[in-house]
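Student: Just dropping this structure here.
The values are calculated or read from the model by the stated rules, or taken from the named source; none is laboratory data. All figures in this text were calculated on a predicted structure; none of them were measured in a lab. Positions of Cβ are backbone-derived with ideal geometry, glycine not excepted, and every protein chain shown enters the neighbour counts.
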Amino acid sequence: MISTPQKSVLITGAGTGIGAASAELFSRKGYFVYLLGRTLSKLESTAKSLENYEILLCDLTDPDQVKKTSQKIILNSSRQLQVLVNNAGVFRRHSFEEGTDETWMTQWWTNMIGPVRLTREFFPYFKKNRMGSIVNVSSTLGLRPVAGMSAYSATKAAMINWTQSLALEGASFNIRANCVCPGLVDTPIHDFHFLPTSEKENILNNLKNMQPLGRVGQSPEIAQSIYFLAAEESSWTTGAILSVDGGINIA
């Protein structure tokens, strides 16, 4: 009797925020979860709530690490990678004039080139298996930029366009590619996330007026959208750009 490989998901930036929440949700849904990130302690914290997982330390800006990590997954015949979630990202707030080559390239390499590099490693694998679901985590800033975030916004806009290119190239091989665009979410990417409770509550109260739904988002809410686009529930969906943002993109 031939055993069926266990379905699995690879989530980048899995140590905190949206990545950690997504790992927990996929685990509850029966997936083996590959937790990829740069900080072991954060990945270990996420892993505490998971059933089946493997921690993968990898810097997406290092091509050798990306290749070595991806090959480890591809060569494991006991599991079949079905879902790739490109979630890892960095955010630097600065005016256009203050933005140096370094601040632009730091965000570009992590937010865009890293996901491209990792996905390129898995694309032939998905083609061979004639299946695969890629979910990219962009931002509403990629759809509608605001002042002081030009570099970050540019990387996220590029990710949106790239997602749709992937969808076109992968469609004939049953490879789907979709994109989630979170709005303002309470995650460690924002400085206010680490403030004492009273200070944080004051900031969140000020920020809630920017959202038509009247509050800042939470990581598990984004994870639900990522899971939907990744799973069979959305089997006829590819090239979609889904804003999950409390309505801020239309305000």
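Student: Checking ILE189 against (1) over 30 Å from ASN129 (Cβ atoms); (2) assigned to a helix (DSSP H, G or I); (3) among the β-branched types (Val, Ile, Thr), which single condition isn't satisfied?
Tutor: Only one criterion in (1) over 30 Å from ASN129 (Cβ atoms); (2) assigned to a helix (DSSP H, G or I); (3) among the β-branched types (Val, Ile, Thr) is unmet by ILE189, namely (2).
Student: State all residues of the stretch 200-236 that are of a type in the set (Lys, Arg), without any contact (Cβ under 8 Å) to a residue 24 or more places away in the chain and closer than 19 Å to PRO188 by Cβ; if no residue qualifies, say none.
Tutor: LYS200
Student: Mind telling me which of the residues SER153, SER139 ends up being in contact with a Cys (Cβ under 7 Å, 6 or more places away or on another chain), closer than 19 Å to VAL116 by Cα and free of Cβ contacts under 8 Å to residues at least 60 places away in the same chain?
Tutor: SER139
Student: Let me ask something else. What are the residues in the stretch 151-207 that are of a type outside the set (A, V, I, L, M, F, W, C) and either touching a His at 6+ places or on another chain (Cβ under 8 Å) or closer than 21 Å to LYS127 by Cβ (or both), if any? I'd like the intermediate steps shown before the answer.
Tutor: Taking the stretch 151-207 first, the residues of a type outside the set (A, V, I, L, M, F, W, C) are 152-153, 155-156, 161, 163-165, 169-170, 172, 174, 176, 178, 182-183, 186-188, 190-191, 193, 196-202, 205-206.
THR163, GLN164, SER165, GLU169, GLY170, SER172, ASN174, ARG176, ASN178, ASP186, THR187, LYS200 - these are the residues of the stretch 151-207 that are of a type outside the set (A, V, I, L, M, F, W, C) and either touching a His at 6+ places or on another chain (Cβ under 8 Å) or closer than 21 Å to LYS127 by Cβ (or both).
Student: Here's something else I'd like to know. Mind listing just one residue for me: the one in the stretch 218-251 that is touching a Leu at 6+ places or on another chain (Cβ under 8 Å) and modelled with pLDDT under 95 and, of those, surrounded by the fewest Cβ atoms within 10 Å (Cβ to Cβ)?
Tutor: ASN249
Student: Further question on the same structure: So which residues in the stretch 14-30 are out of contact with any Pro (no Cβ under 9 Å at 6 or more places or on another chain), assigned to a helix (DSSP H, G or I), hydrophobic (A, V, I, L, M, F, W, C) and closer than 18 Å to PRO188 by Cβ, if there are any at all?
Tutor: Once the filter is applied, which keeps residues that are out of contact with any Pro (no Cβ under 9 Å at 6 or more places or on another chain), assigned to a helix (DSSP H, G or I), hydrophobic (A, V, I, L, M, F, W, C) and closer than 18 Å to PRO188 by Cβ, the stretch 14-30 yields ALA20, ALA23.
Student: Considering each residue of the stretch 40-63, count those that are surrounded by fewer than 20 Cβ atoms within 10 Å (Cβ to Cβ) and of a type in the set (Val, Ile, Thr), and give that number.
Tutor: Final tally of qualifying residues: 2.
Student: On to the next question. Among the residues of the stretch 200-251, how many are among the charged types (D, E, K, R) and under 30 Å from GLN82 (Cβ atoms)?
Tutor: 4
Student: For the stretch 93-185, list the helices (runs of 4 or more DSSP H) that sit wholly inside it and hold at least 3 residues that are aliphatic (A, V, I, L, M) and modelled with pLDDT of 95 or more; which are they?
Tutor: Where helices (runs of 4 or more DSSP H) fall fully within the stretch 93-185 and carry at least 3 residues being aliphatic (A, V, I, L, M) and modelled with pLDDT of 95 or more, they are 150-170.
Conditions tested, residue by residue: (1) hydrophobic (A, V, I, L, M, F, W, C); (2) over 21 Å from SER22 (Cα atoms); (3) out of contact with any Gly (no Cβ under 9 Å at 6 or more places or on another chain); (4) not in a loop (DSSP other than H, G, I, E, B).
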| site | (1), (2), (3), (4) |
| --- | --- |
| GLU201 | no, yes, yes, yes |
| ASN205 | no, yes, yes, yes |
| PRO212 | no, yes, no, no |
| TYR227 | no, no, yes, yes |
| TRP236 | yes, yes, yes, no |
